[in-house]
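> I'd like to ask some things about the structure below.
The values are calculated or read from the model by the stated rules, or taken from the named source; none is laboratory data. Just so you know, these numbers come straight off a predicted model, no measurement behind them. Because the Cβ atoms are built from the backbone with ideal geometry, glycine has one as well, and the counts that use them run over all protein chains shown. Ligands, DNA and RNA are stripped out before the accessible areas are found, and what is left, the full protein with its side chains, is counted by its heavy atoms. Shrake-Rupley method; radii C 1.70, N 1.55, O 1.52, S 1.80 Å.
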Amino acid sequence: MDIDTYEDDVAQIQTLPAVIPKRPLSIPVDESHPFDPEAYISGYSGKSYVDRLVHVMNVCPELAPQALPLATKEALKGRDTGLYKSAFNAYERAATEMSKRQEEGLPEASSIVAMDTKWIEETNSKNQAERTKLEVELKTYTSNMIKESIRMAHRDLGDFFRSTGDQAASLKHYTKSREFCTTSQHVLDMCMSVLELLMEQRSYSHIGTYVFKAEAALDSVTSLKVTAGPEAPAGSAQANKEQRKAERSKVSSKLEVATAISCLGQGNYDKAALTFLKVGTPKSMEEWFGKLIAPGDLAIYATMCALATFTRGAIRAQILDNDNFGLYIEQEPYVRELIEAYLTNRFKTMLDLLERYSTRHYADVHLCAHVPALANLIRSKALVQYFQPFASIRLERMSVAFGWTVEDLERQVVSLIQSGEIKGRVDRQNKILRAKETDQRAALFAKAIKSGREMQATNRKLLLRMRLQQADLIVKAPKGQPTFSGMMHPTEMLSGDYY
């Protein structure tokens, strides 16, 4: 097996994106925008649990008093003192923001949860002792040139630094272990660890690289097991085959999720939706659910991306009629309502649902930055779908169907006309949207002229071939390669360099 180094990858992956925005946003939380942080966060654990609560404090400062005790309680279960402090820092930012909006502001953090400085000191001391121990072990194994032990030492250091919040050092040791991998399974384990780390960092542009490497290692692992299969007893061959298939399915589902999140993070919504819909059953995700993502997240991500990019038929076939994906939709019931409202042309209901659950969408760490773009794409698609069967329609009627004012609707329609998504024009005086009339006679003439030019070009190529044959200027194909057939289309005859 070829061994390559991954130091270049580490150099390319710079400082990870900020876990939280510099300045808190202003996302509403009220009866029209319900959001329960405890119910939302119940599907996560560990670092992801705290990260998401910190994000909630930054996008919804008024929820900070509820989020802070939850975040600190979970952080105390780990060993990342920086993550613990980040919860208090996020609360302070939220309090500063709220003090600008209200005179009362938020209560002091110490009145809600007191910072446990003793735990911080003790944990830092334990972390330092553990680090020293692991580094000594690595140095010992390196001096003794025990390859497998060196790999495991780098892996253990990667796990340690990841648990303590030093993600750069963790990535360094994970990738360094690649030089000491002796089997494809070792390479696959390393890639999966790096992918988890990159997803936590939200370093979307680098996820694809390790997905590709993991897929190559997975193919190698599977082929090796298949090769070894016939040596096993005949009775267990089928059981082994099913077990290999199940193992491959689990890894493939995780790789699909990583790829889809990478596409979502980079704004490739069409590919993200297609990839999310390929994910297997919730059982195949194993520890990734809760640790990195929740089942309900997949339903929301896939639905938002699909509504923004898919055709109506594709949405029905790939989401509503997809029994496997239905298991994820059950986690977020409003997602089905959203899809059905779109498919049945109840656009006002659809837009109301988007607005009602916008706080839930902004509270998601992966989706937050893309909510405005996705909502705009969905609104634009709905407008195009609504106007498609009409030759002309009053803007007032459209405004009622979408629940907007005529002025807001007019601005949206004009922008779609300018972008070419709606072929029409707006009568601003009478407030009427008219479809662009096509001169059928002119279109027919244009089509006939185009066909004539294509025939003329084809005939010229045919005459050229005939004259080349007459002049014996044809280069014969090498032995073993098929020759051209006399019945081949003239454009195909000239596609190669045979003259």
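> Kindly indicate the residue of the stretch 258-278 that is closer than 23 Å to L377 by Cα and of a type in the set (A, V, I, L, M) and also most open to solvent (accessible area, probe 1.4 Å) among those meeting that condition.
Here the answer is L274.
> Please determine whether any residue of the stretch 372-389 is open to solvent by 60 Å² or more (accessible area, probe 1.4 Å) and modelled with pLDDT under 85.
Yes, the stretch 372-389 contains a residue that is open to solvent by 60 Å² or more (accessible area, probe 1.4 Å) and modelled with pLDDT under 85.
> Can you tell me which of R441, R460 is farther than 30 Å from K381 by Cα, at pLDDT below 85 and open to solvent by 90 Å² or more (accessible area, probe 1.4 Å)?
R441
> To continue, here is another question. Do you know which residues across the stretch 36-50 are open to solvent by 10 Å² or more (accessible area, probe 1.4 Å) and either in contact (Cβ under 8 Å) with a residue 24 or more places away in the chain or closer than 16 Å to R93 by Cα (or both)?
Result: E38, Y40, G43, Y44, S45, G46, K47, S48, Y49.
> Same structure again: Only one residue in A228, A314, A237 is open to solvent by less than 50 Å² (accessible area, probe 1.4 Å), more than 30 Å from S45 (Cβ to Cβ) and modelled with pLDDT under 85, so which one is that?
A237
> Now for a separate question. Quick one: in the stretch 88-110, which of the residues that are modelled with pLDDT of 85 or more and not in a helix (DSSP H, G or I) is least open to solvent (accessible area, probe 1.4 Å)?
L106
> Report yes if some residue within the stretch 329-339 is open to solvent by less than 50 Å² (accessible area, probe 1.4 Å), in contact with a Ser or Thr (Cβ under 7 Å, 6 or more places away or on another chain), more than 27 Å from K47 (Cβ to Cβ) and assigned to a helix (DSSP H, G or I); otherwise report no.
Looking for residues that are open to solvent by less than 50 Å² (accessible area, probe 1.4 Å), in contact with a Ser or Thr (Cβ under 7 Å, 6 or more places away or on another chain), more than 27 Å from K47 (Cβ to Cβ) and assigned to a helix (DSSP H, G or I), one finds at least one in the stretch 329-339, hence yes.
> If a residue must be of a type outside the set (G, A, S), in contact with a Phe, Trp or Tyr (Cβ under 8 Å, 6 or more places away or on another chain) and outside any helix (DSSP H, G or I), how many such residues does the stretch 340-363 contain?
Qualifying residue count for the region: 2.
> When the stretch 412-434 is examined, which residues are found to be hydrophobic (A, V, I, L, M, F, W, C) and either under 16 Å from R397 (Cα atoms) or open to solvent by 30 Å² or more (accessible area, probe 1.4 Å) (or both)?
V413, V414, I417, V426, I432, L433
> Looking at the structure I just gave you, is A302 out of contact with any helix residue (DSSP H, G or I) (no Cβ under 8 Å at 6 or more places or on another chain) and either at pLDDT below 90 or under 18 Å from I329 (Cβ atoms) (or both)?
No, not satisfied.
> Here is a further query. Mind checking whether some residue in the stretch 123-142 is in a helix (DSSP H, G or I), under 29 Å from the mean Cα position of the chain (by Cα) and within 22 Å of H173 (Cα to Cα)?
No, every residue in the stretch 123-142 fails to be in a helix (DSSP H, G or I), under 29 Å from the mean Cα position of the chain (by Cα) and within 22 Å of H173 (Cα to Cα).
> Something else: Which condition breaks for L171 when tested against (1) touching a Lys or Arg at 6+ places or on another chain (Cβ under 9 Å); (2) at pLDDT below 90?
(2)
> Same structure, new question: For the stretch 111-137, what are the residues that are open to solvent by 80 Å² or more (accessible area, probe 1.4 Å) and among the charged types (D, E, K, R)?
K118, E121, E122, K126, R131, K133 - these are the residues of the stretch 111-137 that are open to solvent by 80 Å² or more (accessible area, probe 1.4 Å) and among the charged types (D, E, K, R).
> T222 passes all but one of (1) at pLDDT 90 or above; (2) over 21 Å from the mean Cα position of the chain (by Cα); which number fails?
All conditions are met except number (1).
> Looking at A317 and the list (1) assigned to a helix (DSSP H, G or I); (2) over 28 Å from I432 (Cα atoms); (3) under 19 Å from the mean Cα position of the chain (by Cα), which single condition is not satisfied?
Only one criterion is unmet by A317, namely (3).
> Within the stretch 138-149, can one find any residue that is in contact (Cβ under 8 Å) with a residue 24 or more places away in the chain and open to solvent by 20 Å² or more (accessible area, probe 1.4 Å)?
Looking through the stretch 138-149, at least one residue is in contact (Cβ under 8 Å) with a residue 24 or more places away in the chain and open to solvent by 20 Å² or more (accessible area, probe 1.4 Å).
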